[in-house]
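Chemist: Can you read through this structure? Questions will come right after.
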Amino acid sequence: MDDHKSEDQHLVAAAQHILKALAASKAVSDDLRKTLLDFDIHLSAMSIVERSIKQLERKIKFAEGKIMAWKAKNSMIWDCSSKESSEYLEAKLEEELVHILVKHKQYLEPESFANEAGSVDLVNPALIPDLKSIANVMFGSKYHQEFCQTFISSRRHALDEFFVVLEIERFSNENVMKMEGNCLNREIKKWIRAVKIVFQVYLVAERRLCKQILGDFNDSVYQFCFAEITLSFVLKLLNFGEAVATGNRSPEKLFCFLDIYEVLENLAVYVDILFFEEFGSFVRDEFHKLLNKFGEASKFTFLAFKSAIANDPSKARFPGGGVHHLTKYVMNFIKTLAEYGEALNLLLADETPADPDDDGHPLAREFWSVAATLESNLINKSKLYKDVALQHVFMMNNIHYMVQKAKSSELSLVFGDRWLRRHIAKFRDNARSYERVTWGPILSILKQENTESNCTSSKENLKKKCKDFNASFSETYRSQTGWCIPDTELREDVQILISQKVVHAYRQFTGRYSSSIDEKWKKYTVDDIENYVLDLFVGSPKSLHYFSSSAQILKRDKSV
């Protein structure tokens, strides 16, 4: 162990001797002498780096050979041919540069960037002074191009390795367009994670590394190197986004378009700072082009979604007048869209002109428009029902669903109280219209006629009234038990509305003529009517073929 230590110290001493000999030469200028001494100071640190003893011996022997040759010629180092000078600088300094950049780059995993903000080190910080010393020597000797080429090449290689670490595969546009939904979504999530890491952390650290090593020279040097190092890497990264933006624009793709748009919009400030100089203008422009593409794709897809609502082709009557699948799809779709409110407000600012009667923001105006388009479509679909009462039930169900979705989510902030009040009034109006169309004629049967005396009526007239009421109620029961009001609270509200009118009227009618109505004419008791109303709108058709006594028994049996 001691022998090896002694040998290492001997090698370091030999290297320092060479540098001191060069610095002592009268042929060396003051600036170069200062640089050589500075390099000498950091040579000890370099010797600590893991490298083979044979490599160091070879370099020292090579340098010694050159020095002895120059001394024998009694000439200054820089008076030698450019070929000899290049041999020395390339053999010693460029090799050291590559060795440090490759051997001592930090191996980073994406997880290490999770809570970072550009503060990672891409090269061991202890070696930064050595890299600066090499740069000073080579720049002082007019070998700045060789340094920059070597530095750029090495850092590009590190970026290529990091591309693999990020698990980003290189797909052609055709491959991206052919990807199935789940596969594409997985790749998009990986890509979004990658671009965040790259622009928020990795490239910030890369630029800082360039400035640490080359910042003492003209600013354009480190800016140029940074732009050259990152150009191909960034373009490769953006290519996947390009393929996604130019692919299929079905409504389902809108969310991934907006996800990417929001990420790129947030990263734009990092890109503008990283590539604000002329050297970085190409990267900056390409990034903003991609951002604009996703903005346009998002806007186009949203407007296509609106058009698809208006042109929904389904013409079949929806069973039982329940909530149409289009209503569910649209309201759940825009409920999710509301989470992208900030981005959509920005993208849709010029699409819908402001109404002087409202103070809604662009997203609110667009959502009002979507809801109006949906409502118009639903009105057309309601006309597919021959029964006008069922038309009102259908509209009541669907507008109520729209209101409930808007009230129970972020949509309430978008639609606003005025829209909610208007549409609450609309579904209530439909409920009253249903009650009037269905039960109005039935209630008219039970009304006391003006020609009747206070407590009497002809037997035949009362018998007809009872028969007509029984038939009408039975038919209504048969059809409307098959109708559907999916929302329990709304169904109960409508049943209460019916009971308040029908049960009350039937109770008054049977009470007013209790002494004149034969019990055989009364198919239902007041309690029967009240119980049967609770069977309405459950979506399961039923019939009434029995009188009140048997009906009550069956009713009890069903509840057991």
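Chemist: What is the number of the single condition among (1) at pLDDT below 95; (2) closer than 30 Å to Phe333 by Cβ; (3) open to solvent by less than 20 Å² (accessible area, probe 1.4 Å) that Phe394 does not meet?
Modeler: (1)
Chemist: Mind checking which helices (runs of 4 or more DSSP H) fall wholly inside the stretch 121-218 and carry at least 2 residues that are out of contact with any helix residue (DSSP H, G or I) (no Cβ under 7 Å at 6 or more places or on another chain), at pLDDT 85 or above and assigned by the TED database to the domain that holds Leu237?
Modeler: Working: elements: 128-140, 144-165, 173-178, 181-197, 203-214.
Once the helices (runs of 4 or more DSSP H) in the stretch 121-218 are filtered for at least 2 residues that are out of contact with any helix residue (DSSP H, G or I) (no Cβ under 7 Å at 6 or more places or on another chain), at pLDDT 85 or above and assigned by the TED database to the domain that holds Leu237, what remains is 144-165, 181-197, 203-214.
Chemist: Tell me which residues, restricted to the stretch 510-534, are more than 59 Å from the chain's Cα centre (by Cα) and among the hydrophobic types (A, V, I, L, M, F, W, C).
Modeler: Here is the first cut: in the stretch 510-534, the ones more than 59 Å from the chain's Cα centre (by Cα) are 510-525.
Answer for the stretch 510-534, where residues must be more than 59 Å from the chain's Cα centre (by Cα) and among the hydrophobic types (A, V, I, L, M, F, W, C): Ile517, Trp521.
Chemist: What pairs come up if the first residue lies in the stretch 125-153 and is closer than 11 Å to Leu97 by Cβ, the second is of a type in the set (S, T, N, Q) and surrounded by 20 or more Cβ atoms within 10 Å (Cβ to Cβ), and their beta carbons are under 7 Å apart, counting only those six or more places apart or on different chains?
Modeler: These pairs meet every condition: Val137/Thr35.
Chemist: Next up: Is the stretch 238-249 home to any residue that is closer than 23 Å to Leu122 by Cβ, modelled with pLDDT under 90, open to solvent by 50 Å² or more (accessible area, probe 1.4 Å) and in the same structural domain as Ser133 (by the TED database)? So that I can check it myself, show each step before the final result.
Modeler: Within the stretch 238-249, the subset closer than 23 Å to Leu122 by Cβ is 238.
In the following step, the residues that additionally are modelled with pLDDT under 90 were identified as none.
Among the residues of the stretch 238-249, not one is closer than 23 Å to Leu122 by Cβ, modelled with pLDDT under 90, open to solvent by 50 Å² or more (accessible area, probe 1.4 Å) and in the same structural domain as Ser133 (by the TED database), which makes the answer no.
Chemist: Which of the residues belonging to the stretch 301-351 are charged (D, E, K, R) and assigned to a helix (DSSP H, G or I)?
Modeler: Taking the stretch 301-351 and keeping what is charged (D, E, K, R), we get 306, 312, 315, 317, 328, 335, 339, 342, 350-351.
Lys306, Lys328, Lys335, Glu339, Glu342, listed by residue number.
This table checks each residue for (1) in a helix (DSSP H, G or I); (2) surrounded by fewer than 17 Cβ atoms within 10 Å (Cβ to Cβ); (3) assigned by the TED database to the domain that holds Gly341.
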{"position": "Phe415", "(1), (2), (3)": "yes, no, yes"}
{"position": "Phe427", "(1), (2), (3)": "yes, no, yes"}
{"position": "Ser444", "(1), (2), (3)": "yes, yes, no"}
{"position": "Leu462", "(1), (2), (3)": "yes, no, no"}
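Chemist: Can you tell me which residues in the stretch 488-513 are open to solvent by 80 Å² or more (accessible area, probe 1.4 Å) and farther than 21 Å from Asp429 by Cα?
Modeler: To start, the set of residues in the stretch 488-513 that are open to solvent by 80 Å² or more (accessible area, probe 1.4 Å) comprises 489, 492-493, 496, 500-501, 504, 507-508.
Residues satisfying the conditions are His504, Arg507, Gln508.
Chemist: Could you tell me whether the stretch 464-481 includes any residue that is closer than 21 Å to Leu534 by Cβ and open to solvent by 80 Å² or more (accessible area, probe 1.4 Å)?
Modeler: yes
Chemist: Follow-up question, since we're still on this one. Inside the stretch 269-283, can you point out the residues that are in a helix (DSSP H, G or I) and either out of contact with any helix residue (DSSP H, G or I) (no Cβ under 6 Å at 6 or more places or on another chain) or at positive phi (or both)?
Modeler: Of all residues in the stretch 269-283, those in a helix (DSSP H, G or I) come to 269-274, 278-283.
Answer for the stretch 269-283, where residues must be in a helix (DSSP H, G or I) and either out of contact with any helix residue (DSSP H, G or I) (no Cβ under 6 Å at 6 or more places or on another chain) or at positive phi (or both): Val269, Asp272, Ile273, Glu278, Ser281, Phe282.
Chemist: Sticking with this one: Output the residue which, of all residues in the stretch 223-237 that are open to solvent by 10 Å² or more (accessible area, probe 1.4 Å) and polar (S, T, N, Q), is nearest to Val176 (Cα to Cα).
Modeler: Looking at the filtered set, the residue picked out is Ser232.
Chemist: Would you pick out the residues in the stretch 250-283 that are open to solvent by less than 30 Å² (accessible area, probe 1.4 Å) and over 26 Å from Glu339 (Cα atoms)?
Modeler: The answer is Leu274, Phe275, Glu277, Gly280, Ser281, Val283.
Chemist: To continue, here is another question. What pairs come up if the first residue lies in the stretch 488-517 and is outside the structural domain of Phe427 (by the TED database) and without any contact (Cβ under 8 Å) to a residue 24 or more places away in the chain, the second is open to solvent by less than 50 Å² (accessible area, probe 1.4 Å) and part of a loop (DSSP other than H, G, I, E, B), and their beta carbons are under 7 Å apart, counting only those six or more places apart or on different chains?
Modeler: Short answer, once both residue conditions are applied: Thr510/Ile517.
Chemist: Looking only at the stretch 261-281, count how many residues are over 24 Å from Asn218 (Cβ atoms), of a type in the set (Ser, Thr, Tyr) and free of Cβ contacts under 8 Å to residues at least 60 places away in the same chain. Working first, answer last.
Modeler: So in the stretch 261-281, the residues over 24 Å from Asn218 (Cβ atoms) come out as 261-270.
Adding the requirement that they be of a type in the set (Ser, Thr, Tyr) leaves 261, 270.
The next check asks that each one be free of Cβ contacts under 8 Å to residues at least 60 places away in the same chain; those that pass are none.
Residues flagged as over 24 Å from Asn218 (Cβ atoms), of a type in the set (Ser, Thr, Tyr) and free of Cβ contacts under 8 Å to residues at least 60 places away in the same chain within the stretch 261-281 amount to 0.
The values are calculated or read from the model by the stated rules, or taken from the named source; none is laboratory data. What you see is a predicted model; the values in this text were computed from it and never measured. Virtual Cβ from ideal backbone geometry, glycine too; neighbours counted across all protein chains shown. Ligands, DNA and RNA are excluded from the accessible area calculation, which covers all protein heavy atoms including side chains. Shrake-Rupley method; radii C 1.70, N 1.55, O 1.52, S 1.80 Å.
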